[in-house]
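Read through the structure below, which is laid out as structure tokens, and then see the notes.
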Amino acid sequence: MSPIVQAPAPPAGPLGSAGGLAGLPSPLRGRPRLTALEAGRARSTYVVAPDEPVLAGHYPGFPIFPGVCLVECAHLTARAALAAAAGTGGPAQPAELAESAELAELAELASARFLGPVFPGDRVDAELAITGTGTETETGAGGRVAATLSGPRGEVARLRMVYREPGAGAGPGPGGGYWAGDPPPAGGRAPRDLLPHRPPMLLLDAVTAVEPGQRIVATWTARGEELASPAGPSAAYPPVLVLESWCQAAGAMVTWDQPNPDVTAGAVMLFGGVSAAAFTGPVYAGERLEHRVTLTRALTDTVIVEGAAAVGGRTVLTVGRVTMALRPAGTLARPGPAPAPEPAP
Amino acid sequence: MPNSTLIDKEELRTTVAEVLDVEVDEVGDETRFIEDLEVDSLMALEVMVVLEKKYHVKLDESELKEVTCLNAAYGLLTGKVRAA
């Protein structure tokens, strides 16, 4: 992408003014900064502040920037870039975005590969290639985004995302059970006894049914108070956290017989990749999600899972494939001092 | 897919490319997934799990890890489908 084009100053207007408008709900307090914006391309920079709230719960004693928060960085950048591409006079900086009738919604995380850890203080640079804007949807708000995210030690994630115009959700999904007949009711074990996640990143309330290692049904109420950037009741809950909560249900299924609530000991579950995670309808703060996860394949140190999530029988998420790797905690050890950061582009 | 059907190599190539998130023409017969396409070992493993499901065969974990290129995948799956 050359030459670098500085993002234009946000135009005056209700969206551009940002004054008095609630920003987007997000697990992040910070926002990526758009550093370049041109037709079909965008670039942003995000520095993981050591006091970014998610780090306290992911994980205690071992802060590591969650994979879904990398997706969030790309997502916020994409929404800003798509708003600019749609020519709706929206703001150019993710920090100025507010929920509106014109902001593109994440329809699908078609693919995500997580390639390396990101630690507090790291700078993450995102490069986005944007296609399909203005032609595939009536309002021009949608599009397809391919993003590559890099940290101080190299690439950290590659993502493909599909956006749709707001309100164009797939509608109520099939609803009902993801499979016929539930596994046996689960008793006794709370998510915090199974998983290393802690508030604000413990996004699971209870396991209601489980066949250890094979299937699980678990619930979580998206309260909103866990968001570093909360928003009013009319703003859709961040889709990346719906996915994170589902993944935590998968984690509870995998570790049911070998709980691992302390990330610094034993095996750590790493997010390897996601394929075909479709957000089929919005979730609002206060709604209770029911996750259904089933095992696709288990290997010695890797599991592949699939499933869905619903709110009151309305499917809000379907997951084609999530790959998680179990690795000794030692392999995650933070490397020595990061190389001196390059000057910001 | 009936067990008697042999595996269509081009269909296999398309599936592998989809999972690895690369263009079909990048997946040569001997192109090594990890070294040449720069995918991680987890992704290479994921390819095989997808193929297992698609072709209704069960591969041992050691077999899964052996598959490093399209020809190897084709050979392994063809053998499994024939044997099934």
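The values are calculated or read from the model by the stated rules, or taken from the named source; none is laboratory data. Everything numeric here is computed off the predicted structure, so don't read it as measured data. FYI the Cβ positions are ideal-geometry reconstructions off the backbone, even for glycines, and counts take in every protein chain you see. Heads up: the accessible areas ignore ligands, DNA and RNA and are worked out on the full protein's heavy atoms, side chains in. Shrake-Rupley method; radii C 1.70, N 1.55, O 1.52, S 1.80 Å.
Remarks
- 10 Å Cβ neighbours from other chains, averaged over peptide A:29-41: 0
- When each of the peptides B:34-46, A:249-261 is scored by the mean number of other C-beta atoms lying within 10 Å of its residues, the order from highest to lowest reads A:249-261, B:34-46.
- Helical runs (DSSP H, four residues minimum) scored at -39500 (n - 2.57) apiece and divided by the length of chain B put the mean residue ellipticity at 222 nm at -18500 deg cm²/dmol.
- Length gained on full extension, A:ARG327 to A:ALA129, computed as 0.36 nm times the residue gap minus the Cα-Cα distance: 68.0 nm.
- For GluC sites (Glu not before Pro), the sites in the stretch A:206-293 that DSSP calls loop and that have at most 11 other Cβ atoms within 10 Å are A:GLU225.
- Proximal aspartates and glutamates to B:LYS9, defined as alpha-carbon separation beneath 12 angstrom and excluding residues fewer than eight positions away on the same chain: B:ASP29
- Of the solvent-accessible surface of the stretch B:39-84, computed with a 1.4 Å probe over protein heavy atoms with every protein chain present, carbon and sulfur atoms account for 54 percent.
- For the stretch B:19-48, residues shielded by at least 10 square angstrom of accessible area compared with the chain on its own, probe 1.4 Å: B:VAL19, B:ASP21, B:GLU38, B:ASP40, B:LEU42, B:MET43, B:LEU45, B:GLU46
- Given charges at beta-carbon only (K, R positive; D, E negative), |dipole| of chain B in Debye: 620
- Average other protein chain Cβ within 10 Å of Cβ, residues A:297-305: 4
- The mean count of C-beta atoms from other chains within 10 Å of the C-beta of residues in A:265-272, rounded to a whole number, is 1.
- Between the Cα long axis of helix B:70-83 and the first principal axis of chain B there is an angle of about 10°, rounded to the nearest 10.
- Of the solvent-accessible surface of the stretch A:174-300, computed with a 1.4 Å probe over protein heavy atoms with every protein chain present, carbon and sulfur atoms account for 52 percent.
- Cβ-Cβ distance of A:ARG288 and A:ARG198, R₀ of 30 Å, FRET efficiency by 1/(1 + (r/R0)^6): the value works out to about 0.90.
- Degrees, to the nearest 10: B:9-20 long Cα axis against longest axis of chain B: 50
- Taking chain B and dividing mean pair separation by its residue count, relative contact order in percent (alpha carbons under 8 Å, at least six apart): 40
- Ratio of the Cα radius of gyration of chain B to 2.2 N^0.38 Å, where N counts its residues: 0.99
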